[in-house]
2 protein chains.
Amino acid sequence: MVREASASPPRAVHALAAPYLLFLGDATEPGFAKTALGLRDWAADKCLAEHALPAATVSTGLPRMTPANAAAAGARAMVIGVANQGGVIPAAWMPELLAAVEAGLDLVAGLHTRLGDIAALREAVARAGTRLVDVREPPPALPIATGAKRTGRRLLTVGTDCALGKKYTALAIARGLRARGHDATFRASGQTGIMIAGEGIAIDAVVADFAAGAAELLSPANAPTHLDVIEGQGSLFHPSYAAVSLALLHGSQPDLFVVCHQPTRAQILGTPGYGVPSIEAVIEQTIAVGRLTNPAIRCAGVSLNTAGMAAEEAAAEIAHTAERLGLQTADPIRGGDAFERLLDACAA
Amino acid sequence: MVREASASPPRAVHALAAPYLLFLGDATEPGFAKTALGLRDWAADKCLAEHALPAATVSTGLPRMTPANAAAAGARAMVIGVANQGGVIPAAWMPELLAAVEAGLDLVAGLHTRLGDIAALREAVARAGTRLVDVREPPPALPIATGAKRTGRRLLTVGTDCALGKKYTALAIARGLRARGHDATFRASGQTGIMIAGEGIAIDAVVADFAAGAAELLSPANAPTHLDVIEGQGSLFHPSYAAVSLALLHGSQPDLFVVCHQPTRAQILGTPGYGVPSIEAVIEQTIAVGRLTNPAIRCAGVSLNTAGMAAEEAAAEIAHTAERLGLQTADPIRGGDAFERLLDACAA
């Protein structure tokens with residue numbers, strides 16, 4: 001094959017310099033700040049402080065610092081911990097990004113718009129001697145999916161919507177199983193997961209024809225008892241992103257899936273007029289389309305995101321859902337016996 | 001938003017210089033030569049001759065000419081009319097491509113590998129004063145799909161596999177309806193369709209996150225009685241490309257779909273071990289997932305690709321399928337009363 005290197009070689013997604021200053025932009029919706037919140041929860045040792053525009057109402061709870069103060073306190077990089085619909089960089093963020101570079105920090109982002117495509121940033125890092133790191137850049141020369149069965153076991157988290165706990169659930173299941181001595185690996189399919197895991201592929205940044213092939217590459221053949229716990233993306237019921245979800249489902253060939261749901265959410269994020277589907281509908285459709293590449297696919301259980309609910313209310317919702325569906329149900333963030341039983345179901 | 005122009009501006013997909021010399025490479029499988037065969041059938045006035053490597057067994061039936069002879073006979077461009085799995089350019093093609101450029105022809109391609117990424121070709125066209133045209137290059141700044149309902153009516157062709165007649169069927173339905181005085185437009189979603197129509201978007205070349213948005217852009221809001229007849233891609237049952245099919249389905253929001261099927265094909269193209277699904281299964285799954293963005297979606301009929309079947313055998317297969325499914329069924333290439341009835345169903 002004739003396949004030459006592109007003009008801009010793929011940028012590293014590994015070896016990010018820490019600790020981080022988490023940039024929250026002007027976020028007023030926690031769903032759009034999931035990168036910052038995820039890093040706080042799953043890579044706490046790498047997170048020093050947060051920085052935001054005055055309009056922001058979202059907070060990680062970390063101390064607020066300017067880029068200059070954070071650099072003086074030891075920060076090595078400012079991570080853009082917020083995403084807009086479409087993944088663009090608003091003009092209002094630019095002074096803050098330039099200030100971070102001038103303070104000597106690397107800039108790390110997982111947006112559709114690449115930091116490296118913005119001339120002012122390229123010039124700033126050239127002056128400051130720091131780096132622009134775009135973790136969403138897919139690897140070069142991805143394969144077309146073959147659909148061929150691979151050895152090893154796989155679990156995929158799927159959702160009734162995007163941004164409601166698929167990454168957290170996969171991280172918690174992988175951590176919980178490893179704590180029990182199981183051979184399990186978290187596989188990151190999105191920007192925050194890649195920042196946490198240190199490797200992975202942002203499936204939604206891959207050209208559509210290669211997306212299922214990228215998903216096959218993400219969870220390669222492994223020992224028969226090894227379990228890959230794969231971070232899901234979007235939802236089969238999201239009118240913008242269902243194709244991303246389907247590519248990940250077909251390429252992952254999961255033996256098991258866990259449905260992630262937020263009981264307090266009624267509307268699909270970002271698309272007015274679209275209601276959140278039932279867990280039952282997601283189970284039915286995931287099996288209906290997922291059996292193409294793994295006829296044995298089945299639902300291992302349900303992960304409820306009960307953030308914002310009182311403890312008793314959450315416990316009642318978890319118990320009620322488990323009884324209604326006949327499936328192990330838990331909020332991995334709350335943990336407890338329910339989560340241990342969900343881990344049993346994932347290990348079965 | 002900060003969004004700068006990329007280093008290489010989008011290349012034109014319009015105003016291709018004709019007539020064409022159709023390049024068949026070393027194709028031995030007609031399914032991989034659908035671009036050349038499609039141009040012969042739907043843009044015959046633009047097709048002068050064909051050129052192939054000795055190993056090729058596929059032919060368009062046009063006279064064979066070397067690039068130099070074709071240029072002398074008036075050809076303006078050599079169109080790469082063949083695609084491999086993955087859309088790469090094999091090294092064996094390179095001497096022929098360079099010969100075409102040296103003969104003064106433009107090179108036109110719709111492959112994943114861009115002509116403009118190959119230094120030897122860039123240098124050759126710079127010397128010869130001709131052009132490299134990559135029709136698969138997506139437009140810049142594509143939107144995320146909104147899922148919002150648009151005015152106008154839409155029909156999408158879907159398939160039990162790829163490369164079995166979805167483009168032909170859409171072209172034939174659009175042409176047949178226009179001949180009846182209906183306001184109908186063919187919308188091209190792949191490279192050959194773009195070469196025929198002079199515009200369109202190669203949906204499978206779009207980054208997955210934007211694929212449904214590109215499909216929304218492809219069939220924009222229109223007069224209430226106008227019908228867009230949209231070229232389908234892949235199949236929901238193809239383990240490599242189902243995500244492309246789903247993005248096109250969700251973004252197109254079709255009121256009607258026509259299932260395209262080849263009765264003589266048993267295996268999904270390019271993925272050993274995967275059988276072609278039944279038409280019934282495709283109808284069921286297209287409605288199950290398509291109703292997300294258009295709850296009124298329904299099947300208008302079936303298009304059978306009976307190439308290679310005797311006329312009586314084809315007629316029997318068409319009649320039997322229509323009776324079994326209770327749906328208008330025709331082979332648009334054979335036409336006849338059955339196709340007129342399928343057009344009735346598409347116009348209803």
Check: How many angstrom lie between the C-alpha centres of region B:262-315 and region A:17-83?
Finding: 50 Å
Note to self: What is the ratio of the Cα radius of gyration of region B:20-134 to 2.2 N^0.38 Å, with N the residue count, to two decimals?
What the structure shows: 0.95
Notebook entry, point to check: Inter-copy label distances at B:Ala92, 7 Å along the Cα→beta-carbon direction, one decimal in nm, shortest first?
Noted result: 5.9
Check: Taking a probe of 1.4 Å, how large is the accessible area per residue of chain A, in Å²?
Finding: 36 Å²
Margin query: Taking each residue in B:141-147, count the Cβ atoms of any other chain within 10 Å of its Cβ, then average. What number comes out?
Written below: 6
Next item on the list: Along Cα→Cβ, 7 Å out, is where each label goes; now give me the distance between the ones at B:His226 and B:Ala91 in nm to one decimal.
Entry: 5.0 nm
Checklist line | Three principal axis lengths of the protein assembly as shown [C-alpha, angstrom, descending] | finding: 74, 61, 52
Checklist line | Distance between modelled label sites at B:Ala296 and B:Arg150, nm, 7 Å Cα→Cβ extension | finding: 1.7 nm
Notebook entry, point to check: Among bridges DSSP assigns within region A:153-347, what percent are antiparallel (round to 5)?
Noted result: 5 percent
Item checked: Estimated vicinal HN-Hα couplings, Hz - region A:191-198 in sequence order (Karplus 6.51, -1.76, 1.60; Gly, Pro = x) -> 4, 5, x, 5, 5, 6, 7, x
Note to self: To the nearest 20 Debye, how big is the dipole of chain B about its Cα centre, given +1 on the beta carbon of each Lys and Arg and -1 on that of each Asp and Glu?
What the structure shows: 640 debye
Note to self: Between B:Ala266 and A:Glu323, what's the calculated FRET efficiency when r is the beta-carbon distance and R0 is 60 Å? Round to 0.05.
What the structure shows: 0.85
Note to self: Multiplying the sequence separation of A:Ala281 and A:Thr185 by 0.36 nm and subtracting their Cα-Cα distance, what value in nm do you get?
What the structure shows: 31.7 nm
Note to self: Largest first, please: the extent of the C-alpha atoms of chain A along each principal axis, to the nearest Å.
What the structure shows: 59, 58, 44
Notebook entry, point to check: From a point 7 Å beyond the Cα of A:Thr28 in the direction of its Cβ, which residues of region A:42-74 have a backbone N at a distance under 15 Å?
Noted result: A:53-59
Checklist line | Built amide H within the under 5 Å cut-off of B:Tyr274, gap 5+ | finding: B:Ile268
Check: Considering protein heavy atoms only and a 1.4 Å probe radius, which residues within region A:178-213 exhibit an accessible-area decrease of no less than 50 Å² in the full assembly relative to the chain by itself?
Finding: A:Val207, A:Ala208, A:Asp209
Next item on the list: Return the aspartates and glutamates within reach of B:Lys166: Cα separation strictly under 13 angstrom, same-chain partners fewer than 8 residues apart disregarded; answer none if there are no such residues.
Entry: B:Glu231, B:Asp331
Margin query: Suppose only helical runs count, i.e. DSSP H with n ≥ 4. What mean residue ellipticity at 222 nm does that imply for chain A under -39500 (n - 2.57) per run, divided by all residues and rounded to the nearest 500 deg cm²/dmol?
Written below: -10000 deg cm²/dmol
Item checked: For region B:283-290, 3J(HN,Hα) per residue [Karplus equation, 6.51 cos²θ - 1.76 cosθ + 1.60, θ = phi - 60°, Hz, x = Gly/Pro] -> 4, 4, 6, 5, 5, 4, 9, x
Item checked: Nonlocal amide H pairs with B:Arg136, under 5 Å, H built at 1.01 Å -> B:Leu111
Item checked: Using a 7 Å Cα-to-Cβ projection, A:Gly275 label spacings across copies, nm, ascending -> 3.8
Next item on the list: List the lysines whose Cα lies under 21 Å from the Cα of A:Lys167, skipping any in the same chain that are fewer than 8 positions away.
Entry: A:Lys34, A:Lys46
Check: Using a probe radius of 1.4 Å on protein heavy atoms only, what is the accessible area buried between chains A and B, both sides summed, to the nearest 100 Å²?
Finding: 3900 Å²
Notebook entry, point to check: Between B:Ala126 and B:Ala44, what FRET efficiency comes out of the Förster formula 1/(1 + (r/R0)^6) with R0 = 30 Å and r the beta carbon distance, rounded to 0.05?
Noted result: 0.40
Check: If you place +1 on the Cβ of every Lys and Arg, -1 on the Cβ of every Asp and Glu, and leave all else neutral, what size is the dipole of the protein assembly as shown about its Cα centre, to the nearest 20 Debye?
Finding: 480 debye
Check: Hey, in the GNM for chain B with a 10 angstrom Cα cutoff, which one of B:Leu132, B:Leu107, B:Leu325 fluctuates hardest?
Finding: B:Leu325
Next item on the list: Answer rounded, prolate or oblate for region B:296-348, using the Cα gyration tensor with square roots of eigenvalues a ≥ b ≥ c: rounded when a/c is under 1.5, else prolate when a/b is larger than b/c, else oblate.
Entry: prolate
Notebook entry, point to check: Hey, if we sort A:Met65, B:Met78 by accessible area with the 1.4 Å probe, largest down, what's the order?
Noted result: A:Met65, B:Met78
Notebook entry, point to check: Where the label is 7 Å out from Cα toward Cβ, how close does A:Ala119 come to the same position in every other copy, in nm, shortest first?
Noted result: 2.6
Checklist line | Amide H contacts under 5 Å for B:Asp228, placed H, 5+ residues apart | finding: B:Arg153, B:Arg154, B:Leu155, B:Thr185
Checklist line | Projected label distance in nm at B:Thr66 and B:Ala311, using a 7 Å step from Cα toward the beta-carbon | finding: 4.2 nm
Check: In sequence order, what are the phi-derived ³J(HN,Hα) couplings for region B:238-245 according to the Karplus relation 6.51 cos²θ - 1.76 cosθ + 1.60 with θ = phi - 60°, rounded to whole Hz, with x for glycine and proline?
Finding: 9, x, 8, 10, 4, 5, 4, 4
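The values are calculated or read from the model by the stated rules, or taken from the named source; none is laboratory data. The model shown is predicted, which means the values in this text are computed figures rather than measured ones. With ideal geometry, Cβ positions are generated from the backbone for all residues, glycine too; neighbour counts draw on all protein chains shown. For the accessible areas, the whole protein counts, side chains as well, though only heavy atoms, and no ligand, DNA or RNA atoms are used. Shrake-Rupley method; radii C 1.70, N 1.55, O 1.52, S 1.80 Å.
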